[in-house]
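The values are calculated or read from the model by the stated rules, or taken from the named source; none is laboratory data. Keep in mind that this is a model prediction, so the values were computed, not measured. With ideal geometry, Cβ positions are generated from the backbone for all residues, glycine too; neighbour counts draw on all protein chains shown. Accessible surface areas use protein heavy atoms only, side chains included; no ligands, DNA or RNA. Shrake-Rupley method; radii C 1.70, N 1.55, O 1.52, S 1.80 Å.
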Amino acid sequence: MKKIFIAALATAVALTMTGCKGTNEKRGDEHLKEGRFRNAINSYLEAKKKGKMSDEFFDNFTLALVRAGDMESKKDLSSDLINNYFEKAASNIGKVKEDATVEEYVKTLGEIGKRQAAQEGVDYATIINAFAKIDSAEVVAKTRHVAESAIKSIREETEKLYVSRNLQEALGEDDPVVKEYMLLRMAEMAPTNQEIQNALNKSRKATRGYFLIFGENVPDLSGKQRVDKWGYVMALPTMKQSKNGFSCELQFWASTGNNTELDPSQIKLVSTDGKEVYAKGNTGWCEAEVLVGKKGDEKIEKKQKKFKGKGKLMNEFQCSVNVSFSYPKGFVPDYIEYKDNFGIGRKYLGH
């Protein structure tokens, strides 16, 4: 009798440790097995609400969400439900135990992103969302060390398709600013593609003298501040380059919403490998509103005021400063940056 009691107690402890399945979870498992994924999700949600879950719960719940999202994508690739299913699945991943479940999540999400990006005539927001799915899958793959090569291949294939479909249109654009805008959008999706980088470098050399003011239309997914309308936008009307540096007229257009000093000593040149040199030179001009005309008949005009030392940079106005940069052998200039407590701006030079 004592042995029977001990055996029963051991079984009870084992069930407590592994977690036994309640009615809702069992029902969810049956729906999952039969391919009724939405029903399975509802049953798993009920099980979670009651707090009675087994060790298999998050794996099966995640599989139901992934398969429901995949099924929805085959009916309507633009359905909002796809994102909803995978957002819920992503919140489960940290509790998923089986690598096979993680692999199915990664591959399915990546393939849906690839199919969305491959659609003809979709808008840029759809392309961003498609690549975001692939990137999210890649983060999970790297974190869990599962399906890393598979999702890498999916991204490479998607980038190649996206570039082949859009690059010629960008290169055929006559307006240099529009061309750079189109190339920047492509570079956000395929940042390491050599064809795009070559085209961008050529474009940036051609647009050195232009203010590029289209930042709100180019989502900067990289965080590298490629273009920022809500900061300092720069142009290089003149530039004389030598082996060890260059001199230039650097113009600023401010859209920070602030009136502030322009401190030329804070202008720096950054190389392609992250080295920095600071500008020399502190003379130029800044625009300002001045009162002109005879007394009683005055009017406000925009005038250039020369400065030496520091200029006054007014919101929606321009400044120009003559500066030079010196750098050692092997320094390959990438961009000029100006940053203060109100904003940041970068001007990419092309190389």
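If you go through the stretch 22-73 and keep only what is open to solvent by less than 40 Å² (accessible area, probe 1.4 Å), touching a Lys or Arg at 6+ places or on another chain (Cβ under 8 Å) and of a type in the set (D, E), you end up with E25, D29, D59. Restricting the first member to the stretch 33-52 and to residues that are more than 21 Å from E72 (Cβ to Cβ), and the second to residues that are open to solvent by 70 Å² or more (accessible area, probe 1.4 Å), no beta-carbon pair is closer than 7 Å while six or more apart or on different chains. Among the residues of the stretch 82-136, those that are among the hydrophobic types (A, V, I, L, M, F, W, C), open to solvent by less than 40 Å² (accessible area, probe 1.4 Å) and more than 20 Å from the chain's Cα centre (by Cα) comprise I82, A89, I93, V96, V102.
Just one residue in the set A137, A150 is without any contact (Cβ under 8 Å) to a residue 40 or more places away in the chain and either out of contact with any Cys (no Cβ under 9 Å at 6 or more places or on another chain) or within 30 Å of L63 (Cβ to Cβ) (or both); that residue is A137.
Just to be sure I understand, how many residues within the stretch 171-192 are open to solvent by less than 30 Å² (accessible area, probe 1.4 Å) and over 14 Å from I127 (Cβ atoms)?
Quick first cut of the stretch 171-192, residues open to solvent by less than 30 Å² (accessible area, probe 1.4 Å) only: 180, 183-184, 186-190.
Checking the rest, the ones that are also over 14 Å from I127 (Cβ atoms) come to 180, 183.
Looking only at that region, the number is 2.
For C248, the criteria (1) open to solvent by 20 Å² or more (accessible area, probe 1.4 Å); (2) at pLDDT 95 or above hold in every case but one, which is (1).
Counting only residues that are crowded, with 16+ Cβ neighbours inside 10 Å and out of contact with any helix residue (DSSP H, G or I) (no Cβ under 7 Å at 6 or more places or on another chain), how many does the stretch 328-341 have? First the steps, then the outcome.
Quick first cut of the stretch 328-341, residues crowded, with 16+ Cβ neighbours inside 10 Å only: 331, 333-338, 340.
If we keep only those that are out of contact with any helix residue (DSSP H, G or I) (no Cβ under 7 Å at 6 or more places or on another chain) too, we end up with 331, 333-337.
Summing the residues that are crowded, with 16+ Cβ neighbours inside 10 Å and out of contact with any helix residue (DSSP H, G or I) (no Cβ under 7 Å at 6 or more places or on another chain) in the stretch 328-341 gives 6.
Here is a yes/no grid of residues against (1) within 28 Å of N92 (Cα to Cα); (2) among the aliphatic types (A, V, I, L, M); (3) in contact with a helix residue (DSSP H, G or I) (Cβ under 6 Å, 6 or more places away or on another chain):
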site	(1), (2), (3)
E111	yes, no, no
A150	yes, yes, yes
S153	yes, no, no
L161	no, yes, no
S164	no, no, no
E173	no, no, yes
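Taken over the stretch 197-243, the residue count meeting the criterion of being open to solvent by 50 Å² or more (accessible area, probe 1.4 Å), at pLDDT 80 or above and among the basic types (K, R) is 4.
Using beta carbons and a limit of 6 Å, which pairs, at least six apart or on different chains, have the first residue in the stretch 181-204 and in contact (Cβ under 8 Å) with a residue 12 or more places away in the chain and the second one surrounded by 21 or more Cβ atoms within 10 Å (Cβ to Cβ) and among the polar types (S, T, N, Q)? Listed by first residue and then by second, the contacts come to L183/S203. The set of residues in the stretch 302-331 that are over 16 Å from Q251 (Cα atoms), at pLDDT below 95 and within 32 Å of the chain's Cα centre (by Cα) contains only G330. Looking only at the stretch 37-58, residues that are more than 35 Å from the chain's Cα centre (by Cα), among the basic types (K, R) and at pLDDT 95 or above come to 0 in all.
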